[in-house]
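Down below is the structure, laid out as structure tokens.
None of the figures in this text is laboratory data; all of them are computed from the coordinates on show. Source: prediction; values computed, not measured. With ideal geometry, Cβ positions are generated from the backbone for all residues, glycine too; neighbour counts draw on all protein chains shown.
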Amino acid sequence: MTLRVNGTEIGEREIAAEMQHHPAPSAEAAWQEAARSLVVRRLLLDEAEARGIEADPDSELLPDEAVIEALLEQAVAVPEADEATLRRWYEANRSRFRTKELWEASHILIAADPEDKEARAAAEARAKDLLAQVLADRDSFEALARAHSACPSGKDGGRLGQVTRGSLVPEVETFLAAMAPGQICPVVVKSRYGMHILWLHQRAEPRELPFEAVRDTVARYLHDASWRRAVHQFIAVLAGRAQIEGVAMDGATTPLVQ
């Protein structure tokens with residue numbers, strides 16, 4: 001299939017090279033996405049040429065990308081949201097601005113391959129023995145972690161520091177979420193890495209962040225969203241007045257506009 005933009009042909013080899021950047025369920029879908037991307041790129045480069053726009057010689061981008069960036073900076077402008085707009089958006093999206101649950105914890109890891117049943121059984125027996133020692137004397141936890149833990153935290157007495165939900169394996173997080181501050185878990189916790197002995201020192205519950213703390217984040221988000229919409233509209237205008245053969249341009253965008 002021949003692909004042309006205002007008479008300029010885009011070759012099959014160029015489309016094939018672009019396809020690697022457009023994973024899709026099928027080769028045909030990847031071809032379509034790659035073709036659209038190259039058409040948009042050609043439209044933007046042609047518009048930049050028509051306007052006499054050249055790349056900034058100090059830009060770290062590739063020449064074509066630098067030209068497109070310069071074009072968009074000149075052609076697309078969006079107003080900054082006022083304070084009332086920022087506050088309205090924040091109030092409608094307060095749930096986005098919550099801190100994660102935070103734990104300060106320590107653990108001892110007895111490593112075991114999840115596919116090795118004998119190793120898992122031996123690790124569990126060893127972990128249970130260490131847990132009994134810790135429950136009998138929690139002051140022994142750090143020394144036992146240094147001597148036995150397979151985690152790098154072992155050299156620090158097992159201390160993981162402050163960790164948030166999502167940073168640990170689910171099995172460990174499930175137990176930490178249920179434990180009281182200061183509690184040593186009364187059972188060995190199993191994960192794909194092995195057996196864990198857990199000690200929760202402190203917990204900070206999730207909390208909502210006030211508008212003042214996230215105002216700049218909201219402003220950046222709204223500005224970026226407005227800019228993307230404006231760029232898409234600009235591309236639609238260029239596509240609407242161009243002669244494009246070989247691909248439908250519905251929903252087309254460019255790698256520079258995410």
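Some notes on this structure:
- Exposed GluC sites (Glu not before Pro) absent - longest run of the chain, DSSP non-H/G/I/E/B, at most 16 other C-beta within 10 Å: 116-258
- Whole-Å distance, taken between Cα centres, linking segment 170-238 and segment 145-166: 21 Å
- Each helix, a run of at least 4 DSSP H residues, gives -39500 (n - 2.57); summed and divided by the residues of the chain, these come to -15500 deg cm²/dmol at 222 nm.
- Using the alpha carbons alone, the radius of gyration of the chain stands to its Kirkwood radius in an Rg to Rh ratio of 1.20.
- Dimensionless Rg/Rh of segment 42-170 - Kirkwood Rh, Rg from C-alpha atoms: 1.36
- A convex hull fitted around the alpha carbon atoms of segment 115-226 yields 151 Å³ per residue.
- Comparing 181, 99, 84 along the charge dipole axis of the chain, the residue lying farthest to the positive side is 181, per the Cβ-charge model.
- Cα extents of segment 116-181 along the three principal axes, largest first (Å): 30, 30, 23
- Computed label-point distance, nm, for sites residue 140 and residue 242 using a 7 Å Cα→Cβ extension: 7.3 nm
- Across the chain, the mean sequence separation of Cα contacts (distance under 8 Å, 6 or more residues apart), normalised by length, yields a relative contact order of 29 percent.
- Relative contact order of segment 103-217, pairs being alpha-carbon contacts under 8 Å that are 6 or more residues apart, as %: 38 percent
- The charge dipole of segment 102-204, taken about its Cα centre with unit charges on the Cβ of Lys, Arg, Asp and Glu (plus for the first two, minus for the last two), comes to roughly 160 debye.
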